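Scroll down for the structure; my scribbles are underneath it.
The values are calculated or read from the model by the stated rules, or taken from the named source; none is laboratory data. It should be emphasised that the depicted structure is a prediction, and the values quoted were computed from it without experimental measurement. Cβ placement follows ideal geometry from the backbone for every residue including glycine, while neighbour counts extend to all protein chains displayed.
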Amino acid sequence: MADAAQLNSDPDRLLFAYWVPNVSGGLVISKIPQRTSWDLKSNLRYAQTAERVGFEYALTQIRFTASYGAANQHESVSFSQALLQGTEKLRLIAAILPGPWNPAVAAKQLASIDHYSEGRIAVNIVSGWFKGEFTAIGEWWLDHAERYRRSNEFMRCLRGIWTADDEEGFTFAGDFYRFRNYRMSPKPVQKPHPPIFQGGNSDDARNNGAEVADWYFMNGNDLEGFRTQILDVKARAAKVGREQHVKFAVNGFVIVRETEEEAMRVLQEIQGKADAEAVEAFKGAVQTAGASTNNKQGMWATSTFNDLVQYNDGFKTKLIGTKEQVAERIVLLKSLGVNLVLAAFLHYEDDIEQFGNEVLPLVRELESKGRGKDVEYEIEQTGRVYQKHSA
Ligand SMILES: Cc1cc2nc3c(=O)[nH]c(=O)nc-3n(C[C@H](O)[C@H](O)[C@H](O)COP(=O)(O)O)c2cc1C
């Protein structure tokens with residue numbers, strides 16, 4: 001097996017993260033048997049395997065109540081902390097939902113965790129799509145633009161608190177949050193502060209990605225979808241002088257088998273055994289959540305039933321095939337400007353290790369040969385597989 005430190009020595013390398021299954025049911029809304037558990041013990045095993053085989057990040061999910069296949073859910077920040085305690089190098093991205101969290105609580109909590117973990121915490125600010133969850137816990141359900149305006153202030157506050165002058169502290173007068181000379185100590189270990197991720201497809205999400213986040217998370221998509229989003233977010237970031245600052249991460253569901261046919265059969269089985277009622281209900285919820293955007297381009301606006309069997313359109317990214325095919329496609333994503341691939345799997349018990357042992361070394365090999373820089377060349381190599389969306 002390749003040594004992860006050696007594998008990951010190139011500073012321009014693509015980074016890898018995986019979705020932490022801290023909610024039950026895995027990462028697909030399907031009745032297909034899965035070797036994936038949501039308890040801490042199993043997750044510690046997944047995290048330890050992941051860091052050993054070369055993953056840099058793991059992303060936890062926040063869900064306050066059962067939803068469409070996620071009957072049980074462990075809380076994201078405490079779960080991230082527990083995984084940090086059981087690992088040495090892996091960085092944890094904890095999901096935080098403005099509304100239930102106040103930025104003062106989040107900034108303090110994460111700064112402390114940054115100390116406990118010696119600088120390995122990051123945060124994903126999610127703006128929410130699940131109305132029933134908000135109303136169930138007595139939180140206002142704001143419309144789409146307002147949810148993102150609140151998230152925008154939330155991220156400004158996090159950054160402001162973490163980087164404020166020690167004497168003056170942080171002062172902020174927004175529509176959602178107010179601070180007066182707030183001095184927080186200790187500040188985080190990471191400088192200037194722990195990385196801030198956020199995601200979505202909508203104009204509101206793109207603006208927040210460009211203006212205040214460090215990372216812009218994308219759902220699964222086709223080539224043109226990725227290309228337009230990356231160019232658009234970069235153009236928006238350039239307007240506020242942040243073009244060099246914003247990095248891009250993309251979600252993909254990974255199925256690697258000996259042959260492409262075998263991998264496609266697994267996909268068909270996942271989709272064929274979909275929990276139809278739950279998928280339809282999820283579809284209704286997410287498409288309603290995005291429908292109030294100006295251009296109706298919420299993250300799931302054009303997703304089909306089959307796409308939504310994976311919560312974040314991960315089949316569309318087509319990391320499904322032989323290890324060579326998957327590695328080539330990942331390198332194509334890099335050439336588009338993607339900096340991090342967020343992977344989800346069917347059988348966490350086996351698939352993290354397999355990905356780390358079989359796919360990651362191939363990606364590193366291609367990168368070391370200078371691949372992943374010329375989009376047109378990479379498109380040629382993948383046989384234009386991304387051109388047509390057929391998942
Ligand atoms: C990588 C990623 C992770 C996400 N994690 C969560 C989560 O843990 N909890 C949650 O409620 N929403 C999560 N979301 C969804 C966002 O909160 C938000 O509803 C979605 O990005 C809306 O997209 P839109 O701006 O295109 O409408 C996640 C989205 C992405 C892209």
### Query
Here are some conditions: (1) surrounded by 21 or more Cβ atoms within 10 Å (Cβ to Cβ); (2) in contact (Cβ under 8 Å) with a residue 60 or more places away in the chain; (3) under 30 Å from Glu269 (Cα atoms); (4) under 19 Å from the mean Cα position of the chain (by Cα). Val53 meets all but one. Which one does it not meet?
(4)
### Message
On the basis of being modelled with pLDDT of 95 or more, in contact with a strand residue (DSSP E or B) (Cβ under 7 Å, 6 or more places away or on another chain), within 16 Å of the ligand (Cβ to nearest atom) and of a type in the set (Phe, Trp, Tyr), does Phe172 make the cut?
### Response
no
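Taking strands (runs of 3 or more DSSP E) that do not extend beyond the range 1-104, which have at least 2 residues that are farther than 26 Å from Ile330 by Cβ? Write out each step before concluding.
Values: elements: 15-19, 57-59, 91-96.
Because the criterion is at least 2 residues that are farther than 26 Å from Ile330 by Cβ, no strands (runs of 3 or more DSSP E) in the range 1-104 meet it.
Which ones in the range 50-68 are of a type in the set (Phe, Trp, Tyr) and closer than 13 Å to Leu92 by Cβ? Talk me through it step by step, then tell me what you get.
First pass over the range 50-68, keeping only residues of a type in the set (Phe, Trp, Tyr): 55, 57, 64, 68.
Listed by number, the residues that qualify are Phe55, Tyr57.
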### Message
If I filter the range 54-73 down to residues being within 9 Å of the ligand (Cβ to nearest atom) and β-branched (Val, Ile, Thr), which single residue comes out as farthest from Leu15 (Cα to Cα)?
### Response
Ile62
### Task
Report yes if some residue within the range 216-239 is modelled with pLDDT under 95, touching a Gly at 6+ places or on another chain (Cβ under 6 Å) and within 14 Å of the ligand (Cβ to nearest atom); otherwise report no.
yes
### Task
Within the range 119-144, track down each residue that is near the ligand (Cβ under 10 Å from one of its atoms) and touching a helix residue (DSSP H, G or I) at 6+ places or on another chain (Cβ under 7 Å).
Ile125, Ser127, Gly128, Trp129, Phe130, His144
### Query
Mind checking which residues of the range 240-256 are more than 12 Å from the ligand (Cβ to nearest atom) and closer than 15 Å to Val338 by Cβ?
Val246, Lys247, Val254
#### Entry: Candidate set from the range 102-120 (those that are farther than 28 Å from Asp175 by Cβ and crowded, with 18+ Cβ neighbours inside 10 Å); member that is nearest to the chain's Cα centre (by Cα)
Arg120
### Query
How many residues are among the acidic types (Asp, Glu) and farther than 25 Å from Pro361 by Cβ if we restrict to the range 1-45?
1
### Task
Please work out if Val341 is within 16 Å of the ligand (Cβ to nearest atom), closer than 20 Å to Thr382 by Cβ and either at pLDDT below 95 or not in a helix (DSSP H, G or I) (or both).
yes
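For the range 110-126, what are the residues that are part of a loop (DSSP other than H, G, I, E, B) and either among the aliphatic types (A, V, I, L, M) or at pLDDT below 95 (or both)? Show your work before the answer.
Here is the first cut: in the range 110-126, the residues part of a loop (DSSP other than H, G, I, E, B) are 117-120, 126.
Of everything in the range 110-126, just one residue is part of a loop (DSSP other than H, G, I, E, B) and either among the aliphatic types (A, V, I, L, M) or at pLDDT below 95 (or both), namely Val126.
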### Task
Please find, within the range 9-34, the residue that is nearest to Glu75 (Cα to Cα) out of those that are hydroxyl-bearing (Ser, Thr, Tyr) and without any contact (Cβ under 8 Å) to a residue 60 or more places away in the chain.
Ser24
### Task
Among the numbered conditions (1) within 25 Å of Glu269 (Cα to Cα); (2) buried (at least 17 other Cβ atoms within 10 Å of the Cβ), tell me where Arg63 comes up short.
(1)
